[in-house]
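**Student:** Please read through the structure below; I'll follow up with questions.
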Amino acid sequence: MNQPVSSFDRRTATTIVIANMIGTGVFTSLGFQLMDITNPSIILFLWIIGGVIAFCGALCYAELGSAYPRSGGEYNFLRETYHPAAGFISGWVSVTVGFSAPTAAVAMTACAYLQTIFPHLPVKLTSITLVVVVGSFHLANRGYSAAFQQIMTFTKIIFIFLFMFLAWLVTSEYQLLSWDITKDDIISVEASAVAVALIFVNYAYTGWNAATYLIGEMSNPKRDLPKALLYGTGFVTLLYVFLHITFLSIAPMDEMKGQVEIAGIVADHAFGTERSWFISGMLSILLVSTISAMMIAGPRAMQVIGQDFPTFQLLAKTNRSGLPYVAIIIQMLITIVLIVTSGFEQIIVFAGSLLALNSLLTVIGVLVLRLRNPHQSTTFSMPLYPLPVLGYSLIISATLVYALASRPTEAAIVAAVILSGAFVYKISLSK
């Protein structure tokens, strides 16, 4: 079997983090949050909290990646800190839902924006075509894969800044909003509503850990991984805050409530319906980089499972360029199944909950690492330890409890995915 060449540099790793994070969540979550929360200050505060949570997680993953520099993300970290079974179940989550579900959601959102330009466009068929075309770019050569990812990510960033600049420039009348938070405002919001809103926020921030899935293919992972995680997460946090100030300031909240195409609604108010088609097309294009980034990161989790478990050795197969082509094709197929069978909101809630649980256990793994190997040499140690670990763990735990308690269907899907992973792990050991 060909061994992968370590050729992804820090810039590529950072663009993968940024592109994984900036996907459907930031352009769709606001509509669902407004269903239960109508105070703009609370919503903005939740997005700031989400950025702080993601940054704490990035600090923890940077330390784990320095201690265990191997591709696979949570699969590798949980395998090393807890037990191979924990790693396998985590990898199973990534394989079945973790990357495929967000990819499906991104593709569906991109095509929903395209549909505003071409009303008769079949969204599901176009979404499937988009997944196949983008996935094909990552099947041939790592150089092409990295170049495509960098180009699409830089295009995405330029488009977003251009969108915000033009929206503020041409809008003739802004929404009259109060950005103060009073005690009564906080009391009036139910804890379950905040928890579900944070699930959407955390889903939008999902991807800050993307570079850990290809540590083994980075040119200097111990040096570059922490910078890629922290720079990417910090940049996206600032961008998200400014984007939501723009959304809330330009479009009425009542019109965005329960809607998916938030940026499209904002564009209608800023530019008029006769010109907003351009923004919709721009948004559909920028989401391509998110699909691309997930097609790079996700298959690496499958690949390392194939390397460690003979039952799944097919997943570890690579082409002459060292790319896990079988894993890429399988992720494309799972994504297509989800596009055909699942609804958008359901994908976000159950996928967001699974990913949050996955990262929660991984972050707690830093405590296990420090207690078990207090003298282990790492090139990166997080500042203010253990505050990032405790802060991340407490907020994510509370969010998961409240959110899943209020969404029993999604909670059942989460449990089913985890139990199926445990079942498959047991079977794999018996062969």
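**Student:** Springs between alpha-carbon atoms under 10 Å, Gaussian network over the chain: tell me which of F200, F77, F161 tops the mean-square fluctuations.
**Tutor:** F161
**Student:** Does the stretch 354-431 come out rounded, prolate or oblate by the C-alpha gyration tensor, with a ≥ b ≥ c the root eigenvalues, rounded set by a/c under 1.5 and, if not, prolate when a/b is larger than b/c and oblate if not?
**Tutor:** Working: a/c = 3.98, a/b = 1.33, b/c = 2.98.
Oblate, since a/c reaches 1.5 and b/c is not below a/b.
**Student:** Something else now. So who's got an amide H within less than 5 Å of the one on M218, skipping anything under 5 residues away but keeping other chains? H placed 1.01 Å off N, in plane.
**Tutor:** F8
**Student:** Using θ = phi - 60° and the Karplus curve 6.51 cos²θ - 1.76 cosθ + 1.60, what whole-Hz ³J(HN,Hα) does each residue of the stretch 118-128 get, with Gly and Pro shown as x?
**Tutor:** 10, x, 8, 5, x, 4, 5, 5, 5, 4, 4
**Student:** Run down the aspartates and glutamates and flag those whose C-alpha is under 20 Å from the C-alpha of K183, throwing out any fewer than 8 positions away in its chain.
**Tutor:** K183 reaches D36.
**Student:** Then there is this: Would you mind calculating the gained length between T38 and L177 on full extension (0.36 nm times residue separation, minus the Cα-Cα distance), in nm to one decimal? Spell out each step's value before the answer.
**Tutor:** Values: separation 139, 0.36 × 139 = 50.04 nm, distance 1.08 nm.
Separation in residues times 0.36 nm, less the Cα-Cα distance, equals 49.0 nm.
**Student:** Given a cut-off of 32 Å, name the pairs among K156/K257; K156/K426; K124/K156 whose C-alpha atoms lie farther apart than that in the structure shown. All intermediate terms of the calculation are to be shown ahead of the outcome.
**Tutor:** Numbers: K156/K257 25 Å; K156/K426 43 Å; K124/K156 23 Å.
Beyond 32 Å between Cα atoms: K156/K426.
**Student:** Can you give me the Cα centroid spacing of the stretch 375-424 and the stretch 282-325 in angstrom?
**Tutor:** 23
**Student:** Whole angstrom only: what separates the Cα centroid of the stretch 187-234 from the Cα centroid of the stretch 68-86?
**Tutor:** The stretch 187-234 and the stretch 68-86 have Cα centres separated by 17 Å.
**Student:** Suppose a student asked you for the relative contact order of the stretch 10-430, using Cα pairs under 8 Å spaced at least 6 residues apart; what percent would you report?
**Tutor:** On the way: 672 pairs, mean separation 152.7, N = 421.
Answer for the stretch 10-430 is 36 percent.
**Student:** For the stretch 27-37, just list the computed ³J(HN,Hα) in residue order, Karplus coefficients 6.51, -1.76 and 1.60, θ = phi - 60°, integers in Hz, with x standing in for Gly and Pro.
**Tutor:** With the stated coefficients, the stretch 27-37 comes to 9, 10, 5, 4, x, 6, 5, 5, 5, 10, 10 Hz.
**Student:** Right, something else. Output ³J(HN,Hα) for the stretch 410-424: one whole-Hz value per residue in order, computed from phi by the Karplus curve 6.51 cos²θ - 1.76 cosθ + 1.60 with θ = phi - 60°, and x for Gly and Pro.
**Tutor:** 5, 4, 5, 5, 4, 4, 5, 5, 5, 5, 5, x, 5, 5, 5
**Student:** Using a Gaussian network model of the chain whose springs link C-alpha atoms within less than 10 Å, name the residue from L338, L177, L214 with the highest mean-square fluctuation.
**Tutor:** Residue with maximal mean-square fluctuation among L338, L177, L214: L177.
**Student:** Just add up the charged neighbours of A327: K/R +1, D/E -1, any other residue whose Cβ is under 11 Å from the Cβ of A327. Show your work: numbers first, answer last.
**Tutor:** Values: positive: R300, K317; negative: none.
Local net charge: +2.
Rule-based calculations on the coordinates, nothing more; no lab input. Computed from a predicted structure; not experimentally measured. A quick note on method: Cβ atoms are made from the backbone with ideal geometry, for glycine too, and the neighbour counts reach across all protein chains shown.
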